[in-house]
Every structure is written in structure tokens, then in C-alpha cells.
Amino acid sequence: MPRPPRIQVIGGLYHCVQHSVDNLVLYRSDTDREVFLRYVGEEVARSEWQCLAYSLMRTHYHLLIRLTKETLSSGFQRLNSRYAQTYNKTYGRRGHVFERRFRDVMIESESHRYEVTRYIHLNAPRANACGAPEEHVWCDYAATVGLVSPDPLVDPRRTLELFGSDLRVARQRYLAFIEEPDVRIRRGQTRVRPRG
């Protein structure tokens, strides 16, 4: 039975996740991570996506993107194929690097968007990969909240637009939101909004 086509809505926000096959370590070095992020940047430009958040983990990655064209499937197919080919060539291996198709969940409400952004930014601390979200250098969080230099993949004004039009104020509100107790996302069903 053929797979159903993905729903692609121009202007839609998508939380996209891709896992490795058999818990393969996707990034064995910082160079691997740099190569992958370069490929993401090139695909963002080619597919005309807006990247609002990302986090690279040991066996998977998260991207929050906004579509400006119907390029969700084609963009991820290119991104994943390109990285898999580079990975296999670098490490002298053959076969799949990623399991099945990438997963995507369309963001359907402001509260869902709040929680998805927080979920991506807290993914590494929750997995005990670091103590605090700003310590995970393979995520846009520290740049988005202004703790380090700007991240070329993510415009913090877009990421934090729900927290206010003044970037300084939006950053303060988002920092406070990150500190609040949160709800784990299950199938995109969440009803939590930040206080304030």
C-alpha cells in the first residue's frame, strides 16, 4: 500500500524529527555536526524554509520550520540523502543511516507552538546530554535568547514572535517560559500557554 502524501501548507509550521537506524550515532564528531548544519542551511535556502529552532542529538535531530513553498518532502529527502551519503563515505559503511521517513507534525495552535519550541530547546537537558539548554552548543537556544553570537540558521525574531515584538522583551519572556514547568508533547496535543 503506498504511503499517503504529506500535507504541505504554505505558511505552515512543522516540527520535523528524524532518527537514525538502530540507534546509530549520527554525529561522531563536531565536524559531522558542522557538515550536517551546513547541509541544513543549504536546504533552508534551496527549499525556501524558515528555520525557527533546531537541536542535534546523538541519534536524531529536531527542526522547526515554516514552509514558503511545498518543499517539505523534497527538502528532507535531499537533506537526509546527502548527509547519509557523506556519513557512509566518511566512515566506510554502507546501508541506511536514517530509519523510515522523517516524522512531521504540523503546528496547529499557538499553545502547541509554545510547547514544541520549548520541547526542542529542552531536548538535550532532558536526555542528560547537558545540564542546561544554553550548554548544548548544537542547538539554537543560546543564540536565540541572546547568550551567544547569532545563529545563521535561525532568526530569533521569528522564533520568539509570539513572546513580543521587542526582541529584548521577547527573550526575557521566553527565558521565563523555559523555567516554567512544562508538558511533554504527545502527538501534538498540548494546551499550555506561557504565563504573563
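What follows is calculated from the coordinates using simple rules that are stated; it is not laboratory data. As the structure is a prediction and not an experimental result, all values here were calculated from the model. Here Cβ is always computed from backbone atoms with ideal geometry, including for glycine, and neighbour counts include all displayed protein chains.
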**Complete:** Where a ≥ b ≥ c are root eigenvalues of the Cα gyration tensor, a/c under 1.5 meaning rounded, otherwise prolate if a/b exceeds b/c and oblate otherwise, segment 1-54 counts as oblate
**Message:** If you fit an axis through the alpha-carbon atoms of helix 72-91 and take the longest principal axis of the Cα set of the chain, what angle between them do you get, 0 to 90°, nearest 10?
**Reply:** 60 degrees
**Complete:** Honestly segment 109-179 on the Cα gyration tensor test (a ≥ b ≥ c root eigenvalues; a/c under 1.5 rounded, otherwise a/b vs b/c for prolate or oblate) is just oblate
**Request:** Round to the nearest 0.05 the FRET efficiency obtained for Met106 and Leu175 when R0 = 30 Å and r is the Cβ-Cβ distance.
**Result:** 0.65
**Item:** Distant-in-sequence amide H partners of Met57 (H built 1.01 Å from N, under 5 Å)
**Value:** His62
**Prompt:** Angle between the Cα long axis of helix 30-47 and the longest principal axis of the chain, 0 to 90 degrees, nearest 10?
**Reply:** 80 degrees
**Fill in**
Dividing the helical contributions, -39500 (n - 2.57) per DSSP H run of n ≥ 4, by the residues of the chain yields a 222 nm value, nearest 500 deg cm²/dmol, of -11500 deg cm²/dmol
**Request:** Could you list which residues have their amide H under 5 Å from that of Phe98, counting only those 5 or more apart in sequence or on another chain, with H placed in the peptide plane?
**Result:** Val21
**Request:** May I ask you to evaluate 6.51 cos²θ - 1.76 cosθ + 1.60, the Karplus curve with θ = phi - 60°, for each residue of segment 161-173 and list the ³J(HN,Hα) values in order in whole Hz, giving x for glycine and proline?
**Result:** 4, 6, 9, x, 7, 7, 4, 4, 5, 4, 5, 4, 5
**Fill in**
Under a Gaussian network model of the chain whose springs join Cα atoms within less than 10 Å, the largest fluctuation of Arg126, Arg171, Arg118 belongs to Arg126
**Request:** Would you mind computing, in nm to one decimal, how far apart the modelled labels at Arg28 and Arg126 are, each placed 7 Å from Cα along Cα→Cβ?
**Result:** 2.9 nm
**Request:** Whole Å is fine, so just give me how far the alpha carbon centre of segment 48-74 lies from that of segment 1-42.
**Result:** 7 Å
**Request:** Please work out which option in [x] 51, 37, 29; [y] 61, 33, 27; [z] 98, 52, 29 gives Cα extents along the principal axes in Å calculated from these coordinates, and answer with its label.
**Result:** [x]
**Request:** Report, by chain and number, residues whose modeled amide H sits under 5 Å from the one on Leu122, excluding near sequence neighbours (fewer than 5 apart, same chain).
**Result:** none
**Message:** Output wanted: per-residue J couplings in Hz (rounded whole) for segment 99-113, from phi through Karplus 6.51 cos²θ - 1.76 cosθ + 1.60, θ = phi - 60°, x for Gly and Pro.
**Reply:** 7, 4, 6, 5, 9, 9, 10, 6, 7, 10, 7, 4, 5, 4, 4
